[in-house]
Every structure is written in structure tokens, then in C-alpha cells.
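Heads up: the structure comes next, in C-alpha cells.
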Amino acid sequence: MAHILKNYDDDLSALKDSVVEMGTQALAAMEKAIKGLSTNDVELCYDVIDEDERIDQQEKKIDEQGMSILLRFNPVASDLRHVLSSINICRSLERIGDHAVNIAKRARKILKAGELEEVRLIDPLVLEARKIVSGALTAFSDVDEQLAHKVIEMDRAVDKIHKALSKSLSNKISGGAQPTESLLNVIFISRSLERIGDLAVNIAEDIVFITSAEDIRHT
Amino acid sequence: MTETSVTTDPAAAPSVASNEPIIAIDDLSFSYDLGKTNTLRNISLEIPAGKVTAFIGPSGCGKSTLLRCLNRMNDLVDTAKVTTGRISILGQDINAPDVEAIELRKHVGMVFQKYNPFPKSIYENVAYGLRVQGIKNKGILDQAVEESLQKAALWGEVKDRLDSSALGLSGGQQQRLCIARTIAVKPRIVLMDEPCSALDPIATARIEELIAELQEDFTIVIVTHNMQQATRVSDRTAFFYLGELIEYDETQIIFGNPSIKQTEDYVSGRFG
């Protein structure tokens, strides 16, 4: 049911659109950084670093929109949870953007050092990270609590792959594989993807809070 | 008050531990037209002692009618009638034949939407209820007037002009004077029917602060159209719609995560 105040509905809807837009930007940044690495395209990596400013600005815009709604309409119940969670979610998205920048910077270094076969080892992790982030964004957009719970479950696979990959690469380094710095950079990229999975979980937890008012963090 | 009769001495009424029900409303239906139509339908709720309980809902939902049932103000309407159920205060059925409305109101005071001091001095307004009870001793009256005005957070502003007309006070001061007049007779329960609706934001804040302080000594039931006020001042909130109690719970739950969609729609401004 719509609010009596049309402006209130319009502002809540605009806030949601802004979060979805920021989510699209953060996911695109992650995809672009990975594509830069896998296609040896260093320009894509530079783009990710340059474009992070847009994501940061979107975070500030969402903060302003949220604060304006709190100030003007005194939201309660699910409206209040929607505003608070939107502000939380944009925090997670900003950090996903930062991890995309980290991936882009590491990718740039790897590409500069020359071709590295082990880069392909992160493909399964990229696949899972993509799934979990887009799952979280869809769950937010559709207000789908069931999907949010699935996203939380999906993080197990991300953690498992990251752990196995880190171990395998560490063993290679211990065994004298070269170049060490590039292999270490692949480990750091793997860690960024694992952290992106954690941030998608944070988003999913915020969605559960919106729909059921249940705070499932740290449980 | 006892199980069988209403005492005239509120201090002699049995004590109720904080949070235990002091008012129990059981399946109450109420009519203004001798039972042809029920304005309130099958209301059941328990109001805890020492807490602030807010009644909210759109105009015509029955919240003020229910409030007025609690001290039988509706007795003033000839065709008004409780059609089913009962209201017990301190264990006593307040509509029992042996309960006098005037006696009941010594335990259950009321503050109205529009402040209504008597055209008398500030002192006489507060002392009025005690004089009606037959108290003439000046020492007792002086003490009660000072105590009540202090509890109503008005003493500092009026102590040097107690003999001045109450009508010379500002609106906010007049409302606090009415609260002082109500609590001077030491009721157990104070009913407030939109006590701030005629006041500016500063005077409203003072009354809200006062409600928090009065909670230590009185059980307060407040009807308010201002939902932010309900969230600020009350411990529990009851939402009424078309004469029915839709939801009654802790205020944090009613405004944070109500169980019933109708409640959420109302508190979030989706209908009203």
C-alpha cells in the first residue's frame, strides 16, 4: 500500500534505485578488474581505479538521501529498516568497489611482470564471487529474503575455494615457483574475492533485517 | 479500592507492583445508543502499573471512548452503555452497582485535550480536589499544593504568584497546572486525552518530560494522534481501528516491527 504522502514514496523509491545503481557499479568494477587480468588488458585495470570515484560519490548521495528521509518523514517499521539497511548496504558496496580497485592494482602488476599461467586458477572463485554479489543485489532489488539466505549459504563455497587456492599457491611459492611476487598477487586477488563474498553476506543480512526485522549478524 | 467497595482514600487502595496489570479490560463492548451499535467491540487488554500506555488510531477508532470508559466519563451521556465485558481497576469492576463514579475518579484522574483551569487562583486550582474531599487544614493544603506543583514541574514558575489567576498563565503552564490539579488528590492512574494537541513544541516537550517523571508515581494512559509522541513517551501502545483493538504490544514493537499489517500501514502513514 502506498503512503499518503507521495513524496515519501518517491524518496524511498529513489533511495532504493540509488542502492541498486551503486550495486551495479560495484559489480561492474569487479568484473572489469577480473576481465583486465584475464584478457591482459591493463587499460581496463586503470579504468577500474579511475571509476572508483563514481562509487564513492554514490555512497555520499545515498547517505544524503537516507538522512533526508529520516529527517523529513520520521520513518518507522519496515520503512525505517529499509532506510537504515540501505545506508549499511551502500557501505558494503563501497568496500566491494575498493576490493575491485585492489584487484585491478594487483592485476596491473601481474600483467606488467609477464604472462602467468596460475591466473586461471582463480576462475572458479571469480565465478562464485560473481554469483554471490549478483545474488545479493537481486535479493535487495526484489526484497527476496529466501534468496538472501541462499547468498549467505553461498559464501561457504567462496571461502572453501579461496582457502584451497591460497594453500596451493603458497605451496608453489614454497616449492620455488616464480615469479613469487606475481603468485603472491594472485593470492591477494583471491583474498579480495573472498572479502567480496563476506560483504555480499553483509548485504544479505541487511535484507533479512528489512524483511523480518531480525538481526542475524554474528549469529 | 477493594474487591467489594471503592474506598474514598486513594492511599488505602491496594498496591500493585510495577508492570503488574492495574487495569484489566475484558471483552468490553460499548455503545453510545443503548446498544444499537457498538462503538467499541470486544476489547480485551491489560494495562501495567507504573508504565505509560498509549492509545493510537485514526479519528473515530474508539481510543478516546475507551479512555473515557476508564473513569466512567461516558456516564455523562444518557444513552451510553457497556454492552458486554468488564473493566477492572485494582481488581474492582468499575461498573458494578456499588461503585460511585466520583469515588472512582479519585483513583483515576484525567487531563483533557484543552487545558481547563478553573477561573480561580493557581493555589485554589490545585487545592480544589482536596477541598472537595473535605480537607481544610491550611498546612496540609499548602504542602499538597507545593508537592503537586513541583511534581508538575510548575512550582519554580508560579511559587511567587500562587494567588494570581490561573487564567493568566501560558497555555503550557495551564496544562501543567491541570496536571498538578489532577495529581493533587493522589490518583493511582492518570488518563491523558491528547494533552499536548493545543500546545506549542516547547510546551509539548515539557509535558512529555513531565510524563516520564510522573511515571514513577502514577500509571499513565495517554491518547495521542502524534505517533512520534507515542514512541517518545510510552512503554506500550495499543492500536485501535473502527472500534476494535487491532494490536497491543511494547511501543518498540508496534513502531519497529508490528505483527499485523494494518498496524504497520497506520504507523507508517499508509492510511489514516
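The values are calculated or read from the model by the stated rules, or taken from the named source; none is laboratory data. In this text the structure is predicted, and so the values were computed from the model without any measurement. Positions of Cβ are backbone-derived with ideal geometry, glycine not excepted, and every protein chain shown enters the neighbour counts.
Listing for the model above:
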item	result
Search result, residues across segment B:94-120 that are surrounded by 16 or more Cβ atoms within 10 Å (Cβ to Cβ), over 22 Å from residue B:211 (Cβ atoms) and either over 20 Å from the mean Cα position of the chain (by Cα) or of a type in the set (Gly, Ala, Ser) (or both)	B:101
Any chance residue B:177 is in contact with a Pro (Cβ under 9 Å, 6 or more places away or on another chain), at pLDDT 95 or above, surrounded by fewer than 15 Cβ atoms within 10 Å (Cβ to Cβ) and more than 14 Å from residue B:113 (Cβ to Cβ)	no
Complete set of residues in segment A:2-20 that are in contact with a Lys or Arg (Cβ under 9 Å, 6 or more places away or on another chain) and more than 14 Å from chain B (Cβ to nearest Cβ)	A:18
Residues that are farther than 17 Å from residue B:159 by Cβ and surrounded by 12 or more Cβ atoms within 10 Å (Cβ to Cβ), drawn from segment B:132-142	B:133, B:135, B:140
Count - residues of segment B:247-262 that are under 23 Å from the mean Cα position of the chain (by Cα) and either among the acidic types (Asp, Glu) or within 14 Å of another protein chain (Cβ to nearest Cβ) (or both)	8
Residue match in segment B:193-208 (condition: at pLDDT below 95 and within 25 Å of residue B:43 (Cα to Cα))	yes
Index of the failed condition, residue B:203 passing every other in (1) in a loop (DSSP other than H, G, I, E, B); (2) surrounded by fewer than 21 Cβ atoms within 10 Å (Cβ to Cβ)	(1)
Enumeration of residues in segment A:174-193 that are surrounded by 16 or more Cβ atoms within 10 Å (Cβ to Cβ) and either of a type in the set (Gly, Ala, Ser) or in contact with a Ser or Thr (Cβ under 8 Å, 6 or more places away or on another chain) (or both)	A:182, A:187, A:190, A:191, A:192
In segment B:228-246, residue farthest from the other protein chains (Cβ to nearest Cβ) [restricted to those that are in a helix (DSSP H, G or I) and buried (at least 21 other Cβ atoms within 10 Å of the Cβ)]	B:233
Matching residues in segment A:37-82 - criterion: being more than 30 Å from residue A:122 (Cβ to Cβ) and away from chain B (no Cβ under 14 Å)	A:60, A:61, A:62, A:63, A:64, A:65, A:66, A:67, A:68
In segment B:62-104, the residues that are of a type outside the set (A, V, I, L, M, F, W, C) and more than 24 Å from residue B:33 (Cα to Cα)	B:91, B:92, B:103
Qualifying residue in segment B:209-227 (condition: within 14 Å of another protein chain (Cβ to nearest Cβ), crowded, with 19+ Cβ neighbours inside 10 Å and closer than 29 Å to residue B:90 by Cβ)	no
